[in-house]
Every structure is written in structure tokens, then in C-alpha cells.
1. Output the residue which, of all residues in the range 49-65 that are in a strand (DSSP E or B) and within 11 Å of the chain's Cα centre (by Cα), is surrounded by the fewest Cβ atoms within 10 Å (Cβ to Cβ).
2. Based on what the data block shows, is residue 27 more than 19 Å from residue 90 (Cβ to Cβ) and at pLDDT 85 or above?
3. Take the conditions modelled with pLDDT of 90 or more and either on the phi > 0 side of the Ramachandran plot or surrounded by 11 or more Cβ atoms within 10 Å (Cβ to Cβ) (or both) and apply them to residue 43. Does it pass?
4. Note down all Cβ pairs under 7 Å where the first residue falls in the range 14-39 and is of a type in the set (Asp, Glu), the second is assigned to a loop (DSSP other than H, G, I, E, B), and they're at least six residues apart or on different chains.
5. Which of the residues belonging to the range 1-37 are assigned to a loop (DSSP other than H, G, I, E, B), of a type outside the set (A, V, I, L, M, F, W, C) and either within 20 Å of residue 86 (Cα to Cα) or under 10 Å from the mean Cα position of the chain (by Cα) (or both)?
Amino acid sequence: MSYRNAPLEMLQVGAVLQCPIRDAEGKLLLGPGVVVTQDFLVALFKRGVRSVAVDVRDWTRLNAFTSHGRVRTALPDRKGAQTNWNAAATRD
């Protein structure tokens, strides 16, 4: 498998990746087919994890749904959907 480094913000709550998510040292963080939850993202953030290694195929799918700066205005609720877990992680 080939992996790419993905910022934590790229992971969307509710996403189901086909391959496992690993940290920089290769440690398994989330198994394949498991739903990415807000609690999972908050826990990673609190551990100091800011990026994860994801399989290239999953990275491509995740990247397809992120802003590339080509539109003049964002969808009304898109920003809130991406940062809800981040707000929860920094609340404590």
C-alpha cells in the first residue's frame, strides 16, 4: 500500500475509509471500514496528532471533497461541518 500524509482537518466525521489510518510511526489508529467519529478526531487532536497517513485511494476520495479555492463563496454550512470537532477539541 502507498500512503499519503493528510492533515487531520481533511478527515470528515462520518467518512468510512477503505484502508486503515496510521500515525507518522505507522501505528494503527483506525481500522478499515470503521466510521470516522467526532470523538476519534478530538482524541487525536488532544494527543497532539495533526496529520495522519492514509492510503492514496482514500486520500484521493477525501481530497475530492475539500475546497481547492476555486469558488468565490463557500457553501453555507460547510465551514461549520469541518470544524465542529476542532472546536470540541480545543474547548477543554
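The values are calculated or read from the model by the stated rules, or taken from the named source; none is laboratory data. Remember, it's a predicted structure, so these values are computed and weren't measured experimentally. As a convention, Cβ positions derive from the backbone with ideal geometry for all residues, glycine included, and neighbour counts pool all protein chains shown.
1. Of everything passing the filter in the range 49-65, 51 is surrounded by the fewest Cβ atoms within 10 Å (Cβ to Cβ).
2. yes
3. yes
4. From the range 14-39, the pairs are 23/49.
5. Scanning the range 1-37 gives 12, 14, 23, 37.
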